[in-house]
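Take a look at the structure set out below.
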Amino acid sequence: MKSALKTLTRIQKFQIDEQCKILSELQEKQDILQAQLEQLNRDFEQEKEFARNNAGVGDFGAYVKRYMQQRENLEMQVAVLEKKIEHERDVMADMFKEQKTYEIVDDQRTKRAAKEEEQKMQKVLDEIGTNSFLKNHKK
């Protein structure tokens, strides 16, 4: 039984490592999208300043419309990723709880086995002491 518990613990640790990789990848994607969104906003500010200084050059309204669509798209992607990240964190929390349960059970079994061994040893010592006492007092 102890071997099975050790195997479960090892498997759980592996699954947690895999979950960490998934979470890390999602967070990297989120960082990339955030950087793209920030760059888009900086570009918009530059374009806005250019349009203010050079009135009548180009169609700023069309640029604003395209900017709004791109920003909305990026924000939607970020929101979707945030939900995925939240879900993956919940999954990981559950995995850690399960691993902790395995560790507690293993610890309790180890303590129980040590206590049983101690009780057996005490019985043997008590029997030796009793036999020695009887042997010394029979004379």
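Numbers at a glance
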item	result
Principal axis dimensions, largest first and in whole angstrom, of the range 1-127 by Cα	107, 20, 15
The range 1-43: Rg to Rh, with Rh as the Kirkwood radius over Cα pairs	1.46
Rg to Rh, two decimals, where the range 53-139 supplies the alpha carbon set and Rh follows Kirkwood	1.80
Efficiency of FRET from Cβ geometry, V105 and L134, R₀ 30 Å, rounded to 0.05	0.10
Accessible heavy-atom area order of H87, H137, highest first, probe of 1.4 Å	H137, H87
Computed [θ] at 222 nm, helices only, for the chain once each DSSP H run of length n ≥ 4 contributes -39500 (n - 2.57)	-35500 deg cm²/dmol
Degrees between helix 2-53 axis and first principal axis of the chain (Cα, 0 to 90, nearest 10)	20
Reach of K84 by Cα under 23 Å, taken over lysines that are not fewer than 8 positions away in the same chain	K13, K21, K29, K97
Rounded tilt (10° steps) of 60-137 against the dominant C-alpha axis of the chain	10
Heavy-atom surface of the chain, accessible at 1.4 Å and reported per residue (Å²)	80
Local electrostatic count at E38 - Lys and Arg +1, Asp and Glu -1, tallied over other residues with Cβ under 14 Å	-2
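The values are calculated or read from the model by the stated rules, or taken from the named source; none is laboratory data. In this text the structure is predicted, and so the values were computed from the model without any measurement. FYI the Cβ positions are ideal-geometry reconstructions off the backbone, even for glycines, and counts take in every protein chain you see. The protein model used for the area step is the full one, side chains on, heavy atoms only, and it has no ligands, DNA or RNA in it. Shrake-Rupley method; radii C 1.70, N 1.55, O 1.52, S 1.80 Å.
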